[in-house]
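Here is the structure we will look at, set down as structure tokens.
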Amino acid sequence: MDNQVTYAQQLRHDDGPVVLINQFTLAPGDAGQFPQLWAADAAFMKQQPGFISTQLHRGTAGSTTYINVAVWESAQSLRRAFSTPQFQALLARYPDTSTAAPHLFTKVAVPGICLG
């Protein structure tokens, strides 16, 4: 999402809590199986220390783009879970046509609008 900062760099930064927003793009023939593959990932992550929540969204009007929004206590917690051999094996099951664009975010306080 940000060409100046890689996901790997973000995982090494010790911010917290963090929101992971991961955009997945799939070929039309592969989009239908994606929720089941993602569910296995989510079930694994839910068991990891520092996990708070996750929600999957799909683009409208037949879009083959999905967005995962996950909240973690810290980038360090996410990094530990993401780096496990078990999770890497889950990722290997995704179709070759899929691409992921993960990025970490922290809340921004905007007076009168939202809390930081």
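All of the numbers you see were taken from the coordinates with simple rules; none came from a lab. Keep in mind the model is a prediction, meaning the values are calculated, not measured. Note that we place each Cβ from the backbone using ideal geometry, even for glycine, and neighbour counts take in every protein chain shown.
Figures for the structure shown
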{"read-out": "Ala42 vs. criteria touching a strand residue (DSSP E or B) at 6+ places or on another chain (Cβ under 8 Å) and outside any strand (DSSP E or B)", "value": "yes"}
{"read-out": "Matching residues in the stretch 41-55 - criterion: being hydrophobic (A, V, I, L, M, F, W, C) and surrounded by fewer than 13 Cβ atoms within 10 Å (Cβ to Cβ)", "value": "Ala43"}
{"read-out": "When residues of the stretch 57-82 are limited to those that are without any contact (Cβ under 8 Å) to a residue 60 or more places away in the chain and in a loop (DSSP other than H, G, I, E, B), the one surrounded by the fewest Cβ atoms within 10 Å (Cβ to Cβ)", "value": "Ala61"}
{"read-out": "So Phe44, is it of a type in the set (Phe, Trp, Tyr) and in contact with a helix residue (DSSP H, G or I) (Cβ under 9 Å, 6 or more places away or on another chain)", "value": "yes"}
{"read-out": "All positions within the stretch 7-38 that are farther than 24 Å from Arg58 by Cα and either exposed (fewer than 13 other Cβ atoms within 10 Å of the Cβ) or in contact with an Asp or Glu (Cβ under 7 Å, 6 or more places away or on another chain) (or both)", "value": "Ala8, Gln9, Arg12, Asp14, Gly16, Pro17"}
